[in-house]
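This report refers to the structure that appears directly beneath it.
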Amino acid sequence: MEEAIYWYKKALAKVGDEICFSCALVNLGDTYIEAGRYKEAEEILLAAIKRDSTFGGMYNRLGKVYWLTNRFQESEETFKKEIRLSKSERDRSMAYNELGNLKWQMGRMPEAESFYLKCLQADSSNINGYWNLAILYEQKGEYAKAELFCRDLIKLDSMVFEGFGFLGLLCVKTNRPIEAEFYGRKAVKLKPTIENYCLLVSILTMINKIDDAFEALEQLLEIDKNYEWFQKDPDIAPLRTLPKWNDLMSKYFPDKK
């Protein structure tokens, strides 16, 4: 991270037409955001906007900084400024998506839903809108809508492997255990991440394939030892009542006895 910051600053110090200063400023701002250095990110992005306020996505980034520092009103105004000023459908779409995220965090779900839908109206290829709507409708218990957006997401970008695991979870909730297991295992096969293994363990537990759930759990324990998740996740509560659970906890968390 520090090396990236060094080189972006070095680029900004260089004089010449071959340097895109707005690009370097934005990249430096993004790096500061990723590092959690929000004050520096804000300063850089304000300087970038002063230099060229039409450069794509500038206000989206600044709005995100305001959001991450709990300045919700400024964040909303800045995202809306991106929508008004941007010439790019993609940037407007991202601004609508960020407004949806902001409203979600504030607990204003109808507004979040509206902004996510506007996100897709502005750019139907923005996978963030599909993903967020799938999660939103799942939380509302509107599983048919959630599945529709999840399948659209996978159709649009089959490399979003978590989508298969989430689709498996939706199949559990609509009483389709065979499909649920198929999609859960497909997610892990395509990308054996911690998140996909967690979903697979949850799916197998919920469809009452306990031995398979323990097998997947042990595979997960080989790559991640998040003790808090294992103890608190409600989906795998039935596993915690069985002797095999105690055996695995003793094996992988001997200091937690």
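Packing, as the average of other Cβ atoms within 10 Å across residues, places the peptides 80-89, 228-237 in the order 80-89, 228-237, highest first. Remark: the Cα gyration tensor places the range 164-257 in the prolate category, a/c being 1.5 or greater and a/b exceeding b/c.
Can you compute the charge dipole magnitude of the range 164-257 about its Cα centre, using +1 on each Lys and Arg Cβ and -1 on each Asp and Glu Cβ, nothing else charged? Give it in debye, rounded to the nearest 20.
Dipole about the Cα centre, nearest 20: 100 debye.
Among 38, 137, the ranking by other beta carbons within 10 Å of each residue's beta carbon, starting with the fewest, stands as 38, 137. Straight-distance candidates among the aspartates and glutamates for linking to residue 225, with alpha-carbon spacing under 16 Å and chain neighbours fewer than 8 residues away dropped: 195, 215, 233, 247, 255.
Helical runs assigned H by DSSP (4 residues or longer) give the chain a calculated mean residue ellipticity at 222 nm of -23500 deg cm²/dmol, each run adding -39500 (n - 2.57) before division by the residue total.
Ranked by the mean number of other Cβ atoms within 10 Å of their residues, highest first, the peptides 115-124, 59-68, 244-253, 99-108 fall in the order 59-68, 115-124, 99-108, 244-253. Here the residues 54, 193, 241, 69, ranked from fewest to most Cβ neighbours within 10 Å of their Cβ, fall in the order 241, 54, 69, 193. Take 130-136, 140-146 and order them by the average number of nearby Cβ atoms within 10 Å per residue, most first; the result is 130-136, 140-146. Which pairs in the list 39/87; 87/140; 64/173; 232/256; 103/140 are over 25 Å apart, alpha-carbon to alpha-carbon? Violating the 25 Å limit, Cα to Cα: 39/87; 87/140; 64/173. The residues neighbouring residue 93, those whose beta-carbon lies less than 12 Å from its own, together hold a net charge of -2 under the Lys/Arg +1, Asp/Glu -1 convention. Between the entries (1) 146; (2) 124; (3) 162, the label attached to volume of the Cα convex hull per residue in Å³ calculated for this structure is (3). Among 79, 149, the order by Cβ neighbours within 10 angstrom, fewest to most, reads 149, 79.
Only the coordinates and a few stated rules stand behind these numbers; no lab work does. It should be emphasised that the depicted structure is a prediction, and the values quoted were computed from it without experimental measurement. Note that we place each Cβ from the backbone using ideal geometry, even for glycine, and neighbour counts take in every protein chain shown.
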